[in-house]
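Derivation of every value follows stated rules applied to the coordinates shown; laboratory data play no part. Remember, predicted model here, so these are calculated numbers, not experimental data. Quick reminder, even Gly has a Cβ in these numbers, built from the backbone with ideal geometry, and neighbours come from all protein chains shown.
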Amino acid sequence: MSLLRNVSYRVQHVWRRNLEVSLFSWKTTVLPPLLEPMLYIFAFGVGLGAYVAKVSFQGRLTDYLTFMAPGMIAVGVLFHSIFECMYGSFVRMRYQRTFDAMLATPLLIEDILAGEILWGATKGLFAGLAVLVVIAAWGLAAFPESLLVLPVAALSGLLFAGFGLLFAAVSPYIENLNLPTFLFINPMFLFSGTFFPLDGLPRWLRAVAWTLPLTHTVEIMRAATFGALAARLWASFAYLAVLTPLVCYAAILLMKRRLIK
Amino acid sequence: MEPIIRARGLVKRYGTFTAVAGLDFEVGQGECFGLLGPNGAGKTTTVHMLCCVLPITEGDVRVAGLSAREFPRRIKAMLGVCPQESNLDTDFSVVHNLVAYARYFDLPPAEARRRAEALVDRFRLRDKAAVCVDDLSGGLKKRLLVARTLVNDPSTVLLDEPTTGLDPQSKHQIWDEIRAMKIAGTTVILTTHYMEEAELLCDRLIIVDQGRIIESGAPRALIAKHLGGQGTLEDVFLKLTGRQLRE
């Protein structure tokens, strides 16, 4: 547990560094999270949705666009936090030697890694907020319930950033990161109730889907945008709340082992 | 006088490989101390243990009386480290590199900015202040790296091969800066492959080979001892470490 003791307020310096880099290149860091979900919403919600009959959610029928829109909030959080801490952190660790430079200052490796996770989560939260604004403007989100999306985006952002750093920690080369993308991120993107209700899946696949963290993020976010909050969501929240510290701890531990020999 | 740095039985092992095999040395306040040795001798590993980046396998280092095992943050706050290879922030400009680095030492923004500007002038980087680090020549990067070393106003600086790959002009400029540090009373630990540089700048040095100290003393004293005063530090170095290639 000395790992946790070594995390200090100095994480803000790491976070701030990454923020400044992002702000310098805001066109590439701000526009994609805003425009990407629009792409999905148009392609699937508007385009494909025209051919899809009503979808059932919690016993009520809804059109496809309304159904899939909250899934895109979750996807925005997933992609932007996990890729930041997979590729972004890997590049800073290996190629830019940013961590090496920071290590010669009062920062400890735990500060640096926790700062990276915090930053990844921030990007995820921002992406989630961006999609929420878009779908709210479209009239697809109920308020005030939809505000619950934000804390869930922050929590999920931490979780996915932790997963990203974990994958970076165990990948010898940057090319190896294709593997978790193919085996974990893409299946999760498709099978977490993002694009279709899980009820239609075979029983075993449904069981697998419920182990995926994104399923729980989507579950809460969809209930929020539908204005249909229910007690069963606590289970999904608990799942995320328990998994997040475990994954972040493992990420910091393994990355520290890799870097400090 | 109490030494500012005291290494006792310093050992670094990676599995079965021993990189540093038990170093004992002391560095006095304001001294320029050379850490010499062939490639793979364990110089950089030693520097990394001194600046609390690498865990120590055995023994201990004390900086200003503080153990590196117990007080890494406090020690790192007192040190300035110039790494062998550039780890400047390639996403930032010259001046922003200094400001951002100062922030890691908890310097308030106004003070960070003030120090960064002063270092830009002192290291004659004014023309390049707004240039992104990626677009600098090797010599300018090294100059900025040495400038960054001073951003926290360290009492001890560790310079790991600060002049490797530089043209004579840049090399002399960095030597002048090292002399200025000495005059300011800063303790300097210098690793180098240039014996001329060590002879010129170091008050005292150790020669390390295969992780052990094989000789120590002032450059002139070593030349007197091994060559009867006739020759250079390089001759002494080759006499002691042999001519066969390392690694």
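Results, tabulated for the structure shown:
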| quantity | calculated |
| --- | --- |
| Using a Förster distance of 45 Å, the FRET efficiency for A:Ile260-A:Gln58 (Cβ separation, nearest 0.05) | 0.40 |
| Per-residue mean of C-beta atoms belonging to partner chains within 10 Å, peptide A:103-113 | 6 |
| Only Lys, Arg (+1) and Asp, Glu (-1) charged, at Cβ; the protein assembly as shown dipole about Cα centre in debye | 680 debye |
| Shielding by partners - mean other protein chain Cβ count within 10 Å, residues of B:81-92 | 5 |
| Within the range B:5-241, percent of DSSP bridges classed antiparallel, to nearest 5 | 55 percent |
| Within the protein assembly as shown, percent of DSSP bridges classed antiparallel, to nearest 5 | 55 percent |
| Ordering of A:51-64, B:214-227 by packing [mean C-beta count within 10 Å, highest first] | B:214-227, A:51-64 |
| Peptides ranked, highest mean first, by Cβ atoms within 10 Å: ranges A:65-78, B:79-92, A:147-160 | A:65-78, A:147-160, B:79-92 |
| Cβ-defined net charge surrounding B:Leu50, 13 Å radius [Lys, Arg +1; Asp, Glu -1] | +4 |
| Length-normalised contact order of chain A in % [C-alpha pairs under 8 Å, at least 6 apart] | 25 percent |
| Radius 9 Å from Cβ of B:Leu227, net charge of other residues (Lys, Arg +1; Asp, Glu -1) | +1 |
| Sparsely packed trypsin sites (Lys or Arg not before Pro) within the range A:138-237, loop by DSSP, other Cβ within 10 Å at most 12 | A:Arg232 |
| FRET efficiency, 1/(1 + (r/R0)^6) with R0 56 Å, evaluated for B:Ala77 and A:Val208 via beta carbons | 0.65 |
| Listed residue (A:Met68, B:Leu159, B:His172) projecting farthest to the positive dipole end of the protein assembly as shown, Cβ model | A:Met68 |
| Relative packing of peptides A:12-24, B:118-130 - highest average C-beta neighbours within 10 Å first | A:12-24, B:118-130 |
| Given charges at beta-carbon only (K, R positive; D, E negative), |dipole| of chain A in Debye | 480 debye |
| Viscosity 1.002 mPa s, temperature 20 °C, Stokes-Einstein D of the range A:116-261 from Kirkwood C-alpha radius, µm²/s | 132 µm²/s |
| Shielding score for A:5-11, defined as the mean number of other chain Cβ atoms within 10 Å | 1 |
| Sites A:Tyr173 and B:Arg13, calculated FRET efficiency, Cβ-Cβ separation with R0 25 Å, nearest 0.05 | 0.40 |
| A:Leu3 paired with A:Ala235, simple spin-label distance in nm, labels 7 Å along Cα-to-beta-carbon | 2.9 nm |
| Cα gyration tensor of the protein assembly as shown - equivalent ellipsoid semi-axes, whole Å, descending | 55, 23, 18 |
| Span-rule helices in chain A, defined as complete DSSP H runs reaching 18 Å or more along the axis (Cα) with Kyte mean at least 0.5 | A:64-83, A:109-137, A:149-170, A:233-259 |
| Residues of type aspartates and glutamates that B:Lys239 reaches as a straight line, Cα spacing below 19 Å, ignoring anything fewer than 8 places off in the same chain | B:Glu196, B:Glu197, B:Glu199, B:Asp209, B:Glu215, B:Glu247 |
| Electrostatic dipole magnitude of chain B [Cβ: Lys, Arg +1; Asp, Glu -1; Cα centre; debye, to 20] | 320 debye |
| Cβ-defined net charge surrounding A:Trp210, 14 Å radius [Lys, Arg +1; Asp, Glu -1] | +1 |
| Selected from A:Leu201, A:Pro180, B:Leu140, residue furthest toward positive end of dipole (the protein assembly as shown; charges at beta carbon) | A:Leu201 |
| Neighbour-limited loop hits for chymotrypsin sites (Phe, Trp or Tyr not before Pro), the range A:118-151 (at most 16 other Cβ within 10 Å; DSSP other than H, G, I, E, B) | A:Trp138 |
